[in-house]
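Notes for the one structure printed next.
No lab work stands behind these numbers, since they all come straight from the coordinates. Quick caveat, the model's predicted, so the values are computed rather than measured. Here Cβ is always computed from backbone atoms with ideal geometry, including for glycine, and neighbour counts include all displayed protein chains.
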Amino acid sequence: MNDVAAHDPRAADPQAQARLAGALAASGFGIALFDADDRLRLANPWFERAFAIEPGTRPTWEGMMRHCHATRRGLVIESPDIDAWLERVRTRYRSVPVRAFESDLADGRWVWVVETLQPDGWLSIVVSDVSPLKANESLLRNARDEAVRISLKDPLTDLYNRRYIIGHLGEMLAGSRAMRWPLALAMLDIDHFKQINDTAGHDVGDAVLRHFAGLVQSQLRPMDAVGRIGGEEFLIVLTNTGLDGASQTLARVRRLIAESVPAASQPMPRYTFSAGIAVASADDSVDTLFRRADQALYRAKREGRNRDWAVNSRSMRL
């Protein structure tokens with residue numbers, strides 16, 4: 001029998017058990033074992049440090065959580081009411097045979113927790129530090145967000161680009177119909193911009209574009225939208241706004257331009273702009289609304305520039 005036991009891999013091996021205990025103590029992850037009464041029976045040093053367990057103590061799971069909350073160490077528990085937090089967490093804790101989730105530690109680490117519930121009620125918990133993975137995930141998410149931002153924005157003015165603002169116009173037009181709100185479209189063009197580029201240079205021309213874009217954006221509400229659709233052409237979409245509101249917005253922009261003082265380091269030439277306004281009608285599409293705003297802009301420029309012109313489906317008027 002002794003010979004059989006010596007070769008049975010399931011038989012107790014003190015040397016192997018000691019090596020296992022040493023490996024767990026030195027491992028780079030946490031492991032803990034809670035009995036059926038939810039009291040900690042085994043934890044390696046990594047787990048004890050991570051969850052702020054005092055040496056030599058064997059708290060219950062609830063006691064461990066209360067200690068973390070009271071000392072602001074170990075697991076991050078942001079709720080001011082620990083009893084309410086425990087009541088919420090209890091609906092998930094020990095609810096399934098295997099549960100995996102992410103948690104934050106007070107020292108700034110992100111950890112991945114795997115809880116395994118045995119048929120006899122004992123619970124094992126394995127905790128791994130996934131901070132490097134989360135950091136890479138954050139970098140990838142930031143890179144994705146920046147790529148999306150670049151795809152939507154004009155690089156010079158940081159306004160929406162033509163592709164996005166035209167697509168967004170369709171969404172805003174549909175929204176205005178659903179809410180039965182008026183919607184105004186204004187197409188703006190900086191007057192004699194080619195002359196600015198030819199006489200002052202493209203750097204000054206770029207400065208004018210950025211200056212104009214900033215002033216326009218400063219006069220819009222969060223629900224409005226503005227984009228650069230060409231070299232010196234811009235498009236404004238004003239929701240819940242009719243002709244008078246659109247004209248007032250453009251008047252404020254004109255006043256700001258007139259009051260602007262050029263910076264000494266970057267002389268800013270005086271400039272003006274022309275604008276065409278179209279107010280959406282019930283049967284308008286993006287194309288018809290855009291076309292009418294473009295027609296109104298052409299009329300404003302033909303009438304002498306530095307002015308607005310409005311057009312509807314039947315007639316034009318100043």
- Note on the structure: Taking r as the C-beta separation of Arg302 and Ile150 and R0 as 51 Å, the FRET efficiency to the nearest 0.05 is 0.90
- If R0 is 51 Å, what FRET efficiency do you get for Thr57 and Met223 from their C-beta distance, rounded to 0.05? 0.35
- Message: For a test of the definition: using alpha carbon positions, the gyration tensor, and the 1.5 limit on a/c, classify the stretch 173-265 as rounded, prolate or oblate.
- Response: prolate
- Query: Taking 0.36 nm per residue of separation and subtracting the Cα-Cα distance, what length does fully extending Arg99 through Val126 add?
  - Reply: 8.6 nm
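Within 13 Å, Cβ to Cβ, of Val126, how many net charges do the neighbouring residues add up to if Lys/Arg are +1 and Asp/Glu are -1? Provide the component values of the computation, followed by the final result.
Values: positive: Arg99; negative: Glu115, Asp129.
Combined, the nearby Lys, Arg, Asp and Glu give -1.
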- In debye to the nearest 20, how big a dipole does the stretch 155-290 give about its Cα centre with +1 on each Lys and Arg Cβ and -1 on each Asp and Glu Cβ? 300 debye
- Item | Segment Ser79-Ala251, extension gain: residue separation times 0.36 nm, minus the distance between their alpha carbons | 56.9 nm
- Message: Cβ neighbours within 10 Å, averaged per peptide: list 80-89, 273-282 in order, most packed at the top.
- Response: 273-282, 80-89
- Query: What ranking, highest mean first, results for peptides 157-165, 173-181 when packing means the other Cβ atoms within 10 Å averaged over each residue?
  - Reply: 157-165, 173-181
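Once you order the gyration tensor axes a ≥ b ≥ c over the Cα atoms, which shape class does the stretch 188-318 get: rounded for a/c under 1.5, otherwise prolate or oblate by comparing a/b with b/c? Don't skip to the end; give the middle numbers.
Numbers: a/c = 2.10, a/b = 1.70, b/c = 1.23.
The shape class here is prolate.
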- Message: Under 8 Å for C-alpha pairs, at least 6 residues apart: give me the relative contact order for the stretch 153-317, rounded to a whole percent.
- Response: 28 percent
- Note on the structure: Checked against the positive end of the charge dipole of the stretch 153-317 (+1 on Cβ of Lys and Arg, -1 on Cβ of Asp and Glu, about the Cα centre), the farthest of Gly205, Leu243, Leu173 is Leu243
- Please compute the net charge surrounding His69, taking Lys and Arg as +1 and Asp and Glu as -1 over other residues with Cβ under 12 Å from its Cβ. -1
